[in-house]
Amino acid sequence: MRRLRAARGLSQEALAYESGLNRTYLSGVERSERNVSIDNIARIAEGLGVEPWKLLKNE
């Protein structure tokens, strides 16, 4: 998620706004400190403009 966000030039705050999520929650997800629901994966993917499966792929 961090690579996709950086590639699009988005800050955590901007992605949080686009996804409708709290910035601190998003930060915790990026650092693998928080579990993320499938609904929030979909919201983050929409904010990034990618398909949700791309967030699940380990690259």
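The values are calculated or read from the model by the stated rules, or taken from the named source; none is laboratory data. Please read all numbers here as calculations on a predicted model, not as lab measurements. Here the Cβ positions follow ideal geometry from the backbone for every residue, glycine too, while neighbour counts run over all protein chains shown.
Working only within segment 13-33, note down all residues that are under 15 Å from Leu56 (Cα atoms) and not in a helix (DSSP H, G or I). Show your work before the answer.
From segment 13-33, those under 15 Å from Leu56 (Cα atoms) are 29-32; that's our starting set.
Of everything in segment 13-33, those that are under 15 Å from Leu56 (Cα atoms) and not in a helix (DSSP H, G or I) turn out to be Arg31, Ser32.
Here Lys54 meets each of (1) touching a Gly at 6+ places or on another chain (Cβ under 9 Å); (2) modelled with pLDDT under 95 with one exception, condition (1). Criterion applied to Val36, Val50 was being touching a residue at least 40 places away in the same chain (Cβ under 8 Å) and assigned to a loop (DSSP other than H, G, I, E, B), and the one residue passing it is Val50.
Give me the residue from segment 38-54 that is over 14 Å from Leu10 (Cβ atoms) and among the aliphatic types (A, V, I, L, M) and, out of that set, surrounded by the fewest Cβ atoms within 10 Å (Cβ to Cβ). It comes out as Ile38.
Just to be sure I understand, how many residues within segment 1-12 are surrounded by 14 or more Cβ atoms within 10 Å (Cβ to Cβ) and either under 10 Å from the mean Cα position of the chain (by Cα) or part of a helix (DSSP H, G or I) (or both)? Don't jump to the end; show me each part of the working.
If we filter segment 1-12 for residues that are surrounded by 14 or more Cβ atoms within 10 Å (Cβ to Cβ), which is where we start, we get 1, 4-5, 8, 10, 12.
Going one step further and asking which of them are either under 10 Å from the mean Cα position of the chain (by Cα) or part of a helix (DSSP H, G or I) (or both), we end up with 1, 4-5, 12.
Matching residues across segment 1-12 total 4.
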